[in-house]
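Structure first, commentary second.
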Amino acid sequence: MNREYEDIKNEFHRKFSDYFIREYFGVSEPKKLNDAEIDRYCNATIKALGDAEVASVSTIKKWFGIKGSGKPARRHLFRMAFVLGFDGEKLEEFLVYGISEPGIQLNDYREIMALYCLDNGLSYYEYEEMIEFFEMKYDMSVEFSQDTHTARIKKQYQEAKNKDKKEFLLWMCSNMAMFKGYSKVTYNCFVNLMDRVYECIRENIYEQMIRELRLVGFDEWVHENQVDEGEYGSEIIRFVKNKLRTKEFENSERAEILRECRKYANIVYSPKTQVSTLIRELIPDREDMTGESEAYVEKLGLEMSKFSSTYISNIIHISDQKVDEMEIIKQMHEARGKERDELRKKLQLKRKRMGFVQRRDIIIPAHYISQCEYLRESGDRGYDGQEAKEYFVNFVNKYLDICGMREIDPRYEFDYMVLECFKRDDFVFFTELFDA
């Protein structure tokens, strides 16, 4: 992490503007452009987008690094695709390689309709008409299928895309349960990773807890009471409670050890995953950061503040949230005037709070798990930075491929920073990444 931020940004980070200028304007080496040339391409983009209201002029300029930095949101790219004449394949590339997001989600009715319209040269107005028809016809008694249908939809779409607009909508309406609005495959990957993180945390905390319990006589107590390891859960709590009552431990350093062990036991033996514990292990605590470290977080676009307990909870409960979203949409189509405006605001707020699995959400837990597993498997062999990096890349790329996301590529800023964790004599977790 000794390399200056500007060097990282200029040398390694594949910015959206670089990708856009190369792919849309055909410039082979966009990084060699000077500020005036970038400004010219930015203005050409603004002109090409016209009055389509894709985003404000100031927002578009930030995509080109002018008076700020940023990249288009997913919704911006879908709108741009219609204005700039992309086909479905081009939009897919821009999503995956331009803004490092999942490709087109075929089980989201809005995205598969966009794909159909782009593949068939239909206008954005026709696209909006199709969405409105589907939403008005949506049967709230139909439960979203909790099975994974991506492969099935992909296969059926190859035939359905050749249908006329009316027949395509009939196909979608007859398969409403499949279009739940999020990828069950990606969702399952995220939940699996978070479960595996918690198991790693439990194992690490358990080992720490046993080491500290031995300092306060736990081994002797186990022997005296003939306690099996499988019974440790309730017995540890009882051991701590009894010891804290004795004068021997009253107001002593060993009493603090006991209290810590009680906290450890609550995590290790809790029947439910404690999301707050996951967060503390996975990402830096902003309260513990120095000003310089926090600046790195902001500049490098890691968006760590978004990876919170609420954020994870919203992802885990996405199925219920999508049902609520469709209910609001149905009400909005039936309402008029002020009532409809209020429902539209409610819908916008609902969508803002919804949690969809992002590429970052796969990489962060995968990084933690791979390091825990690598250390366990390496044993006496010790740590090797290159070997550990390869272990992580192979591990996370399997998940990214399943989720339809771009593989690890050090030319992108976030990926580069993650791989920096392995250029040391010892591994570095995200919670330690900004201590340098």
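Reported count of residues in the range 242-266, each being open to solvent by 20 Å² or more (accessible area, probe 1.4 Å) and under 30 Å from Val197 (Cβ atoms), is 8.
Scanning the range 70-93 for residues being at positive phi and exposed (fewer than 15 other Cβ atoms within 10 Å of the Cβ) gives a total of 1. A search for C-beta distances below 8 Å between a residue of the range 48-72 that is under 19 Å from Pro30 (Cβ atoms) and in contact (Cβ under 8 Å) with a residue 60 or more places away in the chain and any residue that is assigned to a loop (DSSP other than H, G, I, E, B) and acidic (Asp, Glu), counting only pairs 6+ apart in sequence or on different chains, returns nothing. When Ser28 is tested against (1) of a type in the set (Ser, Thr, Tyr); (2) within 22 Å of Arg359 (Cβ to Cβ); (3) assigned to a loop (DSSP other than H, G, I, E, B), exactly one condition is not met: (2). Across the range 366-388, the number of residues qualifying as open to solvent by 50 Å² or more (accessible area, probe 1.4 Å) and in a helix (DSSP H, G or I) comes to 7.
For the range 11-40, the tally of residues that are open to solvent by 50 Å² or more (accessible area, probe 1.4 Å), more than 19 Å from Phe414 (Cβ to Cβ) and touching a residue at least 24 places away in the same chain (Cβ under 8 Å) stands at 3. Determine whether the range 376-384 contains at least one residue that is more than 16 Å from Glu420 (Cβ to Cβ), at pLDDT below 85, of a type in the set (D, E, K, R) and in contact with a helix residue (DSSP H, G or I) (Cβ under 8 Å, 6 or more places away or on another chain). No, because not a single residue in the range 376-384 is more than 16 Å from Glu420 (Cβ to Cβ), at pLDDT below 85, of a type in the set (D, E, K, R) and in contact with a helix residue (DSSP H, G or I) (Cβ under 8 Å, 6 or more places away or on another chain).
Residues in the range 396-403: is at least one outside any helix (DSSP H, G or I), in contact with a Phe, Trp or Tyr (Cβ under 9 Å, 6 or more places away or on another chain) and not polar (S, T, N, Q)? So that I can check it myself, show each step before the final result.
Taking the range 396-403 first, the residues outside any helix (DSSP H, G or I) are 403.
From what is left, the residues that are in contact with a Phe, Trp or Tyr (Cβ under 9 Å, 6 or more places away or on another chain) are 403.
With the extra rule that they be not polar (S, T, N, Q), the set shrinks to 403.
Scanning the range 396-403 turns up at least one residue that is outside any helix (DSSP H, G or I), in contact with a Phe, Trp or Tyr (Cβ under 9 Å, 6 or more places away or on another chain) and not polar (S, T, N, Q).
Taking first residues from the range 383-402 that are farther than 15 Å from Pro102 by Cα and partners that are open to solvent by 70 Å² or more (accessible area, probe 1.4 Å) and basic (Lys, Arg), the Cβ contacts under 8 Å between residues at least 6 apart in sequence or on separate chains come to Gly385/Lys423; Gly385/Arg424.
Note on the range 53-69: residues that are in a loop (DSSP other than H, G, I, E, B), among the aliphatic types (A, V, I, L, M) and open to solvent by less than 20 Å² (accessible area, probe 1.4 Å) total 1.
The values are calculated or read from the model by the stated rules, or taken from the named source; none is laboratory data. This is a predicted model, so every value here is computed, not measured. Note that each Cβ is placed from the backbone with ideal geometry, even for glycine, and that neighbours are counted across all protein chains shown. Each accessible area value is taken on the protein alone, full model and side chains, heavy atoms only, with ligands, DNA and RNA left out. Shrake-Rupley method; radii C 1.70, N 1.55, O 1.52, S 1.80 Å.
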